[in-house]
Amino acid sequence: MALPVSLLVHDILLKLDLESLSAAACVSKILRSAAALALSSLPSLHLADFSPDDRTLDRILSACGGVTSLTVNCLRVNYRTLEGFLGSHIRELNLLCCSAMPPSALGSIGRKCPNLMVLVLEWAERGSYDEFTGNFHQMLSCCAYLESLCLKIRGVEGPEYAFSSEIWPKSIKVLKLQPALEDDVISLVKEIARNENWPEVIKFPSLPSICLLQSLSLHVRNISDKLVTTIAESMPCLLELELEDRPWKDPLPHGDLTNVGIQSLGSCDQLKSLSLSRNRQNCQTSFKRVNDMGIFLLSEGCKGLESVQFSGFSKVSDAGFASLLHSCKNLKNFEVRNSQSLSDLAFHDLAEAPCSLTELRILSCNLITSETVKKLAFSSKLEVLDLSGCRSIADSSFYSISSLKMLSTLDLAGADITDSGMSKLGQGSAPIQRLSLRGCRRVTDKGISQLVLSGGIVSKTLSSLDLGYMPYVSDKAAHAIATGGIAITELCIRSCFKVTDSSMEALARKGSLENGSRPIRRLDLVGCISLSVQSLQMLKKPLFRGLRWVGIGRTCLVDKGGSVLSEIYEERPWLTVCSGGCEMGCRDGWEYHGGS
């Protein structure tokens, strides 16, 4: 007896992902008809996990007439393909990795989607200064109901022309402006200060007098007291504040962030999330003028904080960081990066702290050792532990890590761990889904085999594994992963020089075995110089079933692939082959692809 179509669609097909739904449509005429009905009933469409080409996207969108929320990875998409689908029915639009869209697309989005409430754009700026500015202003003028705008622009020469519009929608509640890192916050301040309606404090143009803004994120050239105090005074009802800078040289005293700016944030007593970061890519500098006193005052004024992320606070000691852990009773997410003063002492009394952390990230803090990890043994709610760059983390920490029964993400990049630690982790009870061992030079094939072949919980839960830059990882580890890593769908073996075609052959068949193993979806082979051009043949069907992204940069596959790569592109339109050096999924270098 056949199932009623309505039951088949709503109780079964609408619960499948897009790929499974498409596969079901190939089984029979009845399922094809039901799948078409299911696609037309979808309220939202999420296409961020892979990069469709124009032909594939057009076929998908033509079947999804009821979508009001659309997310697309536009790495290989021409705007003309999207333009015909956009309309007043779209309420939420997330366009990611827009590497080759013209500035005119901004104006078109505004005209076609006047009812937008949420807009996220990751944009590689192309075209002239005036063209970009004009279309950005036009977009804002058309979207009168916009409540959330996140605009991440790569390649813009300055923030003042991109974000100086006088027609910000008055309904805006979430504003994230992350232009190119050459932005100069001083020019932004001067332009806004010229508005005669706000002679004393800096405010964003045309925001209502009772500011509705709840979340503000800015990536600027330099964070200063002037910027921070202005935000605090102008927007005391902020719930979330994220500021990041990337200075080209050490800021002068009058143009830097000090305890004064930090203290001013105490007036934002409703603040739930605070992130202050100084990126050292252009200059090895830090927030040298903020010390423990500033953090003490902040922790007293903002006791409702649930998330704290600090990067580059070189003069804040254990006492300052500990004050946040003990004063903010609702603290769940705590992150510190690039602190030369943070040590195990900050976490000495963690068991007595009133907060219950679910995410702890301590990155590139050289004084942190395994003693800090041992203090986490009783953290029953900890889900994320990131200790990347903490080189004094050793095997002894795995006794505590292995007992964390809620832990889903673990990053130990650069740690001083060995195969012995991998054995303990493999036999532990932590249900880890994402694990990074990047740069752990003392871990070998034996350790990886012990991790995935031990039969422990992690061998069944691990879905993403990063083994990049590990000199003693070879084909043996890849074969162990293909056999025992049944849930692994994302694998990075970047710059593992001993990996050869044998690894490709083993991984290509993962998911086709009868052990319930899932196929590889994303594979990072960048810098695997022992691969031969013949290994490209394994990217053809039917091998690597379900593969969506593969990185082959800095290998002979790029220069000698030629016609084989062309055949792969034609045969597998859902697959992105990245010939650059991008990290997994091209999240770090999409702006350089130019739509190719």
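The values are calculated or read from the model by the stated rules, or taken from the named source; none is laboratory data. What you see is a predicted model, and the numbers here were worked out from it, not measured in a lab. Backbone-built Cβ (ideal geometry, glycine too); neighbour counts: all protein chains shown. With ligands, DNA and RNA removed, areas are computed over all heavy atoms of the protein, side chains included. Shrake-Rupley method; radii C 1.70, N 1.55, O 1.52, S 1.80 Å.
Structure above, values below:
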{"quantity": "Flag if Cys328 is outside the structural domain of Arg154 (by the TED database) and open to solvent by 60 Å² or more (accessible area, probe 1.4 Å)", "calculated": "no"}
{"quantity": "Every residue from the stretch 100-114 that is open to solvent by 40 Å² or more (accessible area, probe 1.4 Å) and in contact with a Gly (Cβ under 9 Å, 6 or more places away or on another chain)", "calculated": "Ala100, Pro102, Ser104, Lys112"}
{"quantity": "Residue satisfying all of: in the stretch 1-48; touching a Cys at 6+ places or on another chain (Cβ under 8 Å) and within 27 Å of Leu96 (Cα to Cα); surrounded by the most Cβ atoms within 10 Å (Cβ to Cβ) among these", "calculated": "Leu39"}
{"quantity": "Long-range neighbours under 9 Å by Cβ, at least six apart or interchain, first residue free of Cβ contacts under 8 Å to residues at least 60 places away in the same chain and more than 13 Å from Leu42 (Cβ to Cβ) within the stretch 15-26, second of a type in the set (Gly, Ala, Ser) and open to solvent by 70 Å² or more (accessible area, probe 1.4 Å)", "calculated": "Ala25/Ser33"}
{"quantity": "Residue check, Asp475 within 25 Å of Val526 (Cβ to Cβ) and over 24 Å from the mean Cα position of the chain (by Cα)", "calculated": "yes"}
{"quantity": "Hits in the stretch 488-505 - residues which are in a loop (DSSP other than H, G, I, E, B) and open to solvent by less than 10 Å² (accessible area, probe 1.4 Å)", "calculated": "Ile488, Ile493, Arg494, Cys496, Val499"}
{"quantity": "Near pairs, Cβ below 6 angstrom, 6+ apart or cross-chain, from the stretch 362-385 (surrounded by 17 or more Cβ atoms within 10 Å (Cβ to Cβ)) to any residue that is among the acidic types (Asp, Glu) and not in a helix (DSSP H, G or I)", "calculated": "Val384/Glu359"}
{"quantity": "Lone qualifier among Ser62, Ser69, Ser51 - being among the small types (Gly, Ala, Ser), crowded, with 18+ Cβ neighbours inside 10 Å and in the same structural domain as Ala124 (by the TED database)", "calculated": "Ser51"}
{"quantity": "Lone unmet requirement of (1) at pLDDT below 95; (2) in contact with a Leu (Cβ under 6 Å, 6 or more places away or on another chain); (3) not basic (Lys, Arg) for Ala351", "calculated": "(2)"}
{"quantity": "Tally of residues being open to solvent by 10 Å² or more (accessible area, probe 1.4 Å) and among the hydrophobic types (A, V, I, L, M, F, W, C) across the stretch 399-413", "calculated": "2"}
{"quantity": "The stretch 454-484: number of residues that are part of a loop (DSSP other than H, G, I, E, B) and modelled with pLDDT of 95 or more", "calculated": "9"}
{"quantity": "Any hit, the stretch 210-227, residues being among the acidic types (Asp, Glu) and either at pLDDT 50 or above or crowded, with 16+ Cβ neighbours inside 10 Å (or both)", "calculated": "yes"}
{"quantity": "Condition met for Leu181 (at pLDDT below 50 and open to solvent by less than 50 Å² (accessible area, probe 1.4 Å))", "calculated": "yes"}
{"quantity": "Hits in the stretch 7-31 (condition: under 20 Å from Val67 (Cβ atoms) and part of a helix (DSSP H, G or I))", "calculated": "Val9, His10, Leu13, Leu14, Lys15, Leu18, Glu19, Ser20, Leu21, Ser22, Ala24, Ala25"}
{"quantity": "Filter result for Arg111 (under 21 Å from Ser51 (Cβ atoms) and either assigned to a strand (DSSP E or B) or basic (Lys, Arg) (or both))", "calculated": "no"}
{"quantity": "Residues that are more than 15 Å from Ser286 (Cα to Cα), out of contact with any Asp or Glu (no Cβ under 9 Å at 6 or more places or on another chain) and without any contact (Cβ under 8 Å) to a residue 60 or more places away in the chain, drawn from the stretch 241-263", "calculated": "Leu241, Gln263"}
{"quantity": "Residue list for the stretch 442-453, filter: outside any loop (DSSP other than H, G, I, E, B) and farther than 16 Å from Ser403 by Cα", "calculated": "Asp445, Lys446, Gly447, Ile448, Ser449, Gln450, Val452"}
{"quantity": "Within the stretch 108-128, tally of residues that are at pLDDT below 95 and of a type outside the set (A, V, I, L, M)", "calculated": "6"}
{"quantity": "Residue match in the stretch 185-203 (condition: within 29 Å of Asn115 (Cα to Cα), open to solvent by 20 Å² or more (accessible area, probe 1.4 Å) and at pLDDT 85 or above)", "calculated": "no"}
{"quantity": "Qualifying strands (runs of 3 or more DSSP E) (wholly inside the stretch 507-596; at least 1 residues being open to solvent by less than 40 Å² (accessible area, probe 1.4 Å) and modelled with pLDDT under 95)", "calculated": "576-578"}
{"quantity": "Test: residue in the stretch 415-431 that is under 27 Å from Asn279 (Cα atoms) and either more than 28 Å from the chain's Cα centre (by Cα) or of a type in the set (A, V, I, L, M) (or both)", "calculated": "yes"}
